[in-house]
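Colleague: I have a structure I would like to understand better, so I am pasting it below and will then ask my questions one at a time.
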């Protein structure tokens with residue numbers, strides 16, 4: 001981890017350093033991710049939703065899958081299941097994941113790749129480790145983010161985006177002490193390849209030991225930083241954050257993170273996800289894989305799934321059993 005990197009960050013475009021007149025966002029909360037089992041029985045770390053952070057508008061869920069070293073025949077995934085009303089974004093750091101869906105989307109994503117699936121009006125899909133990883137075992141580490149859709153787009157047509165690692169927008173911090181990979185949205189004038197319905201910013205940063213990352217951030221967006229590995233501080237108060245913790249920022253025009261001078265991580269850097277977006281500010285009704293605005297819409301989603309109105313599993317994949325059946 002990570003697959004997309006450069007040995008010399010000075011060759012990259014530099015993110016602008018926020019002006020001293022721009023208010024730096026304070027950290028309002030630090031949340032420690034809890035652990036739970038998902039899919040066919042793989043463990044995730046989940047900072048939200050949780051007892052400490054129930055809402056992260058416009059996001060619904062953030063899961064860190066791994067890092068885990070699987071033994072042969074130990075790797076597990078999420079067999080066929082439905083979604084409606086939001087988008088799933090899966091970013092791979094190590095290993096690989098195979099995706100198939102009922103609308104013909106899919107493929108294999110590996111280190112540095114991202115798959116972006118808009119469930120919209122409804123879709124069936126599976127997310128499973130490739131056969132070679134199941135047979136031989138190996139390292140696996142990925143992130144899944146659920147991005148909510150506003151009421152007007154809940155029933156948008158499903159779509160799939162395969163974002164190869166080479167398409168990520170790479171940049172360095174103003175002083176070259178951090179490498180930033182912009183996955184979606186715009187950070188400091190640099191835009192990532194992901195096409196989003198809900199306006200968001202999403203990036204993965206590697207901060208060298210003792211380095212400081214300062215980036216401008218849209219004032220109308222929420223802002224969070226999740227530590228994948230390593231440790232450091234966040235915000236003007238220098239709040240401590242470490243692996244598996246999420247810093248939630250308050251209002252302002254810029255965010256900052258500083259890596260400790262010594263890092264206990266596989267890359268030797270502090271690895272952090274930066275994420276935020278424009279709040280939707282609408283009621284959220286969720287039942288498992290369905291995220292709508294009202295209870296009646298959830299009931300309709302369940303009925304549509306049971307009636308087969310969210311698509312069918314392609315014949316070549318009928319060996320898989322949908323969750324809930």
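What follows draws every value from the coordinates through simple rules; no lab data is involved. Everything numeric in this text was worked out from a predicted model, so none of it was measured. Note that we place each Cβ from the backbone using ideal geometry, even for glycine, and neighbour counts take in every protein chain shown.
Colleague: When DSSP beta bridges are limited to those with both residues in the chain, what percentage is antiparallel, rounded to the nearest 5?
Modeller: Rounded to the nearest five, the antiparallel share is 95 percent.
Colleague: Okay, next question. Using r as the Cβ-Cβ distance of residue 21 and residue 261, and R0 as 35 Å, what FRET efficiency do you calculate, to the nearest 0.05?
Modeller: Efficiency, from the Cβ-Cβ distance: 0.75.
Colleague: How far, in degrees from 0 to 90, does helix 295-306 lean away from the longest principal axis of the Cα atoms of the chain, to the nearest 10?
Modeller: Once rounded, one gets 60 degrees.
Colleague: Over the chain, calculate the relative contact order: mean separation of alpha carbon pairs under 8 Å at least 6 apart, over the residue count, as a percent.
Modeller: Value for the chain: 22 percent.
Colleague: Quick one: among 288, 122, 107, which has the greatest mean-square fluctuation in a GNM of the chain with alpha-carbon springs under 10 angstrom?
Modeller: In the Gaussian network model the winner is 288.
Colleague: Determine how many Å³ per residue the convex hull of the Cα atoms of the chain encloses.
Modeller: Normalising the Cα hull of the chain by residue number yields 124 Å³.
Colleague: So what's the back-of-envelope 222 nm ellipticity for the chain, counting only DSSP H runs of four-plus at -39500 (n - 2.57) apiece and dividing by all residues, rounded to 500?
Modeller: My calculation for the chain gives -1500 deg cm²/dmol from helical runs alone.
Colleague: Another one. Full-extension gain between residue 35 and residue 74, please, as 0.36 nm times their residue separation minus the C-alpha to C-alpha distance.
Modeller: That works out to 12.2 nm of additional length.
Colleague: Go ahead and set up a Gaussian network model of the chain, Cα springs under 10 Å, then flag whichever of 180, 135, 227 fluctuates most.
Modeller: Result: 135 has the largest fluctuation of those listed.
Colleague: Using the beta-carbon distance between residue 162 and residue 5 and R0 = 22 Å, what value does 1/(1 + (r/R0)^6) give for FRET efficiency, to the nearest 0.05?
Modeller: 0.60
Colleague: Based on alpha-carbon centroids, what's the gap between the stretch 138-153 and the stretch 24-51 in Å, whole number please?
Modeller: Computed from Cα coordinates, the inter-centre distance equals 13 Å.
Colleague: Moving on. Testing the spin-label approximation: label points 7 Å from Cα along Cα→Cβ at residue 14 and residue 242. State their distance in nm.
Modeller: Here the modelled spin labels are 3.4 nm apart.
Colleague: Given springs between every Cα pair under 10 Å in a Gaussian network model of the chain, which of 14, 240, 281 has the largest fluctuation?
Modeller: 281
Colleague: What length, rounded to one decimal in nm, is gained on full extension from residue 136 through to residue 294, with 0.36 nm per residue of separation minus their alpha-carbon distance?
Modeller: 52.4 nm
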